[in-house]
Structure formats: structure tokens, C-alpha cells
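Peer 1: Can you keep this structure in mind? I'll have questions shortly.
The values are calculated or read from the model by the stated rules, or taken from the named source; none is laboratory data. Every value quoted in this text rests on a predicted model; they were computed, and no experiment measured them. All Cβ positions, even for glycine, are placed from backbone atoms using ideal geometry, and neighbour counts span all protein chains on display. Accessible surface is based on the protein model in full, side chains and every heavy atom, while ligands, DNA and RNA are left aside. Shrake-Rupley method; radii C 1.70, N 1.55, O 1.52, S 1.80 Å.
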Amino acid sequence: MGEVIEIGSTPITSRGASVAPTPPISTPPSQYHSPSLSRSPLLSSIDHIQPANASKTPLSSTLKTLTPNIRTPRFLTPLGSPLIRALHLTKLDPQDAWLPITESRNGNAYYAAFHTLCSGIGIQALILPVAFTILGWTWGIINLTVAFIWQLYTLYILVQLHESTETGMRYSRYLQLCTATFGEKLAKWLALFPIMYLSGGTCVALIIIGGSTSKMFFNIVCGGTCSAQPPTTVEWYLIFTSAAVLLSQLPNLNSIAGVSLIGAITALAYCTLIWVISVAKGTLPGISYNPVKGNTEIIRIFDVLNALGIIAFAFRGHNLILEIQATMPSDEKHPSRVPMWKGVKVAYAFVAASLFPLAIGGYWAYGQKIPKEGGMLTALYAYHGRDTSQFLLGLTSLFVIINAVSSFQIYGMPMFDDMESKVIQRTKKPCPWWLRAIFRAMFGYGCFFVAVAIPFLGSLAGLIGGIALPVTLAYPCFMWLKVKKPKMYSPMWWLNWVLGVSGMALSGVLIAAGIYVIIDTGIEVSFFKPH
């Protein structure tokens, strides 16, 4: 571990009163010296671990043992740093070393970029041109740009709020930060469902996309020459789910960094292939760029709001940012927010390089003829399936499948973490490997059941975008106001209040618009009948 440096030069007077010992949690001795625990988050909850001989151990020795990686110059007193002050009141929780998100804290800026890019770009980008058919060129580009800058700012807020120098706390999960900011009851009402949907619901959508694309890939490769009976759509869903469940047995978030890298590369590859092929083939004959307008004014308004929901849905992944940052080591001199923000900036430079050409190029190539179901991927096969190389079509499909199975891992990790935390809280022991495997298989095949039962989930993109929007655009602004307490009426105060209130208002009208559009236009409801 290296030499332990004294925290301060001023001696600490031990208290005279004895403290009744608390039975220690049965954790493996090796965990206390592992890299994951030595840089675990500092907690200030009732679950603090108090050594059994606390009454006999001087406070200075306890601080040395619990904070082996914090090196502070000898001339600083314990009161010289807010973080060191917090250490007098906080202790490390070994249970975090048993959970998938915080089990390993050896991440870096590269890992952060891989995870952020894999979660920030994907199938949701393919339907962006659908929003342009309603908004038109000017307002489509303006709204996409504003949404990109807005969500990048809230990403910055979350990265900065991950660790508090005042309390010594690392908020390793989005819901933890919500709870600490808004209170437990309000956090559950406001954030629990959107966060759970962004994890579980996204995994369901990935099974639908991955299974359907696998069927397309088989047809392209087979080319009508195979004599064997091809699998049905449900069987393709099952094949995809089984591959995702098998890959989900990787233990923690850091262990899937390579998977996220592959997912990020394939996402960039198929987004680029789709818009390049579409633009190279030129515009379709007889297309129009005039915005689609409903018969009445109210329908036109709700259509516009539904388009804004599609754009908002394209920028998801904020519910994973704190979890990704939790995989990094952090100390007083090297806080995790520095490498995390570097990784985020690199990742979102690639996100911008994919989303904007995809939306603009796709709308230019297909105009109002862009299919609402599947967006650019469906358009590529529908309009250019015969005049495009089968190799390029097959490669695009393969990239979509690989990205979907890779993204499943990072979006499923918060659910794995939540299920295992329930066991650890009860048993005070790490989750056995066999139980971990059962949990992940149950989650994967549970998503498979929902995908088969509700195959029209993709038709609800606008509505879902409105429900999940506060997690991305509103809550971080209110968190900043509550935690940082900027001076009233200062520029930062106004900025966060305006963005936060605007985000909540936009979420409300988007939900209403999504419901109205579904009722007015209808969707093809086909329970247990995937196409």
C-alpha cells in the first residue's frame, strides 16, 4: 500500500468516554487492502463500519487505517482541508467493495470515455430524422443543437457533484445523489421510475432491436440459399438475450470496459455507414422537406412537442454518469472529476460527430419519407436494399447487433447492482457467484419476456423521452442549486433555475403530447406478436 503519511501534525486528544463496540461486519480480510476498498466512497450513513476495538484505538490510528491513500503535507492541520475535516466524521463501507458498480475502482479517463460513448450513442439516434419531418430544417437543427449543449452542461454538473469535499461523500449512483439532495421520499417519487426505465426499458428496447436486426442479418447472409428453416422473430429475441446474459456474467463495471469500447466503435461505425450510404445514394425522387402539419392547430402543437421528445430521447445515459465515475480512484490531490470530465468531452465529441450528420444527412436523403418505425435503419433497407452492396448491408446489421449486446451490459449494470445490494444488506456478506449469475439471468430473460409481450415499445419514443427528460435536463440543475448554493440572482443561480424549471415544464408538456399523439394517431398494439 505504501508508506502511510500522517494526516496532520497537531496531535488529537483522545476522548475519555468509552464507546460501546459494534459487532464488525464479516468481510474477507483481503477486502480491507484491495484497490477497490482502499478508494471506496466515504459514507456518512447509519451503515458505517465501526471497528470492534474502537474504544481502544486512538482516533489518529483509525484515520490512518481507513484512509491509506490520502497523502497530505505535514504542515496542514486536520482543519486545513474540508476533505480531511470530513474524514473525522466518516468511515469506509466495505459493502461497496462487493457491489458491481464500486467493486473495482481502477478506472481511468479512457474507461470513462468508452462507457460514456457506448451509453450515449446508439439506436435512439436512428430516429432523429423523424423529428426533422415535423420541425423542418431550421428548427430541427436549432433544437438539436440546444439539446446537445443543454445536456452537456448537466453532464458537467453531475461530474462535479459526484464527490463532496464538505462531507467526504462520493455519490456513486444517481439515485443516491437524488436522495441526498431531495430527500428519500421525494427522490423515489421523482427519479426512481425514470432511472429504472432508462436501465430496464433500454435493455428491453435493445432486445427488440438486436433480435430484429439478427433476423435481417441472417436473411442477408443466407440470401435465400439456405435450406434450413430460419428461426422465428421470438427465437431471434431469445438468441440475442442468451448472448447478452452470457456476457453479463462479467463481474463489475470496470470489467466490461473492453465490451464498452467494442460497443462504442460499432455504434460509430454503423451510424457513419448508414448516413454515408444514404447521402451517397442521393435524395429519393419526389421527396419533400415541408414540415408535416396536422389538420388542426392542436394536433400541430402536439406533433411538435412529440418531435422534441424524440430529440430528448436521443440524449440519454445521464443516469449512468455517476456510476461510471464511481469506478475511478479519487483522493484529495487527484479527484475523480478531472479524468472523468476529460473522458466525457472526448466521448461527446464523437457523439456530436455521429448524431448531427445522421440527423441532417438522413433528412436530406429521405425527407418526409423517413419511416417512423426504425428510422434510418429501416429506410436503408427499404429504399436501398437492392442497389447497395450486400456486404455493406450485412456489416451494418452486424455492427448494430454487436452494439446492442454491448450496450445491454452497461445499461443492465445498475439493475444488477440494485439486486445484489438487497442480498448484501441482509446477509452482510458478498453475493455468491451462483446467486449473482441467477440474478443476471433472471433480469435478462425478464426483459426478453417484456420484449415479446410489448414489441411496440419503440412507438412510444416521444412519450418515454418526456418521462426520462428530467433525469437529463432538469434534476442536475436543481441538485446544483441545493448543494452548491450559488449566490441569489447571480448568473449561475439564474441559469440553473431557468434550465431546471424549463426542463420540468418541457417534460410535462412532452408527456401530454406523447399521450395525445398515441391516442389520436394510434399505434399498432400487438401483445405477444413481435414482427
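Peer 1: Among Leu206, Leu198, which is in contact with a Lys or Arg (Cβ under 7 Å, 6 or more places away or on another chain) and open to solvent by less than 60 Å² (accessible area, probe 1.4 Å)?
Peer 2: Going through Leu206, Leu198 in turn, the sole match is Leu198.
Peer 1: Does Gly514 count as modelled with pLDDT of 75 or more and small (Gly, Ala, Ser)?
Peer 2: Here the answer is no, as Gly514 does not meet what is asked.
Peer 1: Mind counting the residues in the stretch 264-287 that are open to solvent by 60 Å² or more (accessible area, probe 1.4 Å) and either over 26 Å from Ile360 (Cα atoms) or touching a Lys or Arg at 6+ places or on another chain (Cβ under 8 Å) (or both)?
Peer 2: Qualifying residue count for the region: 0.
Peer 1: Condition first: among the aromatic types (Phe, Trp, Tyr) and farther than 19 Å from Thr102 by Cβ. Now tell me which residues in the stretch 139-190 satisfy that.
Peer 2: Within the stretch 139-190, Trp139, Phe148, Trp150, Tyr153, Tyr156, Phe182, Trp189 meet the criteria.
Peer 1: When you check Leu392 against the structure, is it buried (at least 21 other Cβ atoms within 10 Å of the Cβ) and out of contact with any Gly (no Cβ under 8 Å at 6 or more places or on another chain), yes or no?
Peer 2: Spelling it out, it is not the case that Leu392 is buried (at least 21 other Cβ atoms within 10 Å of the Cβ) and out of contact with any Gly (no Cβ under 8 Å at 6 or more places or on another chain).
Peer 1: From (1) part of a loop (DSSP other than H, G, I, E, B); (2) more than 16 Å from Trp139 (Cα to Cα); (3) in contact with a helix residue (DSSP H, G or I) (Cβ under 6 Å, 6 or more places away or on another chain), pick out the condition that doesn't hold for Lys333.
Peer 2: (3)
Peer 1: Which of the numbered conditions does Glu235 fail, given that it passes all the others? Conditions: (1) assigned to a helix (DSSP H, G or I); (2) touching a helix residue (DSSP H, G or I) at 6+ places or on another chain (Cβ under 7 Å).
Peer 2: (2)
Peer 1: Kindly establish whether Leu261 is at pLDDT 90 or above, touching a Phe, Trp or Tyr at 6+ places or on another chain (Cβ under 7 Å), open to solvent by 10 Å² or more (accessible area, probe 1.4 Å) and more than 25 Å from Glu420 (Cα to Cα).
Peer 2: Yes.
Peer 1: Looking only at the stretch 484-501, count every residue that is among the small types (Gly, Ala, Ser) and either open to solvent by 70 Å² or more (accessible area, probe 1.4 Å) or closer than 16 Å to Leu190 by Cα (or both) and tell me the total.
Peer 2: Adding up the residues that qualify gives 1.
Peer 1: What is the residue count in the stretch 242-258 for residues that are in a helix (DSSP H, G or I), among the polar types (S, T, N, Q) and either in contact with a strand residue (DSSP E or B) (Cβ under 9 Å, 6 or more places away or on another chain) or crowded, with 19+ Cβ neighbours inside 10 Å (or both)?
Peer 2: 1
Peer 1: Restricting the search to the stretch 469-483, which residues are over 23 Å from Leu305 (Cβ atoms), in contact (Cβ under 8 Å) with a residue 60 or more places away in the chain and open to solvent by 20 Å² or more (accessible area, probe 1.4 Å)?
Peer 2: Trp480, Lys482, Val483
Peer 1: OK, next. Among the numbered criteria (1) touching a Ser or Thr at 6+ places or on another chain (Cβ under 6 Å); (2) modelled with pLDDT of 90 or more, which one does Pro357 miss?
Peer 2: All conditions are met except number (1).
Peer 1: Against the condition in contact with a Phe, Trp or Tyr (Cβ under 8 Å, 6 or more places away or on another chain), buried (at least 23 other Cβ atoms within 10 Å of the Cβ) and on the phi < 0 side of the Ramachandran plot, how does Ala453 come out, does it pass?
Peer 2: In short, no.
Peer 1: A further question follows. Can you find a residue that is out of contact with any helix residue (DSSP H, G or I) (no Cβ under 8 Å at 6 or more places or on another chain) and crowded, with 20+ Cβ neighbours inside 10 Å anywhere in the stretch 160-178?
Peer 2: Checked the stretch 160-178: at least one residue is out of contact with any helix residue (DSSP H, G or I) (no Cβ under 8 Å at 6 or more places or on another chain) and crowded, with 20+ Cβ neighbours inside 10 Å.
Peer 1: Which helices (runs of 4 or more DSSP H) does the stretch 143-225 wholly contain that include 2 or more residues that are without any contact (Cβ under 8 Å) to a residue 24 or more places away in the chain?
Peer 2: Output list reads 174-182, 184-187, 202-222.
Peer 1: Additional query: From the list Gly361, Gly374, Gly444, exactly one residue is within 27 Å of Ala257 (Cβ to Cβ) and surrounded by 19 or more Cβ atoms within 10 Å (Cβ to Cβ). Which is it?
Peer 2: The unique qualifying residue is Gly444.
Peer 1: Identify, from the list Ser336, Ser330, the residue that is open to solvent by less than 10 Å² (accessible area, probe 1.4 Å), within 22 Å of His162 (Cα to Cα) and more than 17 Å from the chain's Cα centre (by Cα).
Peer 2: Criteria check complete, one pass: Ser336.
Peer 1: Could you check, for the stretch 271-292, whether at least one of its residues is in a helix (DSSP H, G or I), closer than 26 Å to Gly444 by Cα and small (Gly, Ala, Ser)?
Peer 2: Scanning the stretch 271-292 turns up no residue that is in a helix (DSSP H, G or I), closer than 26 Å to Gly444 by Cα and small (Gly, Ala, Ser).
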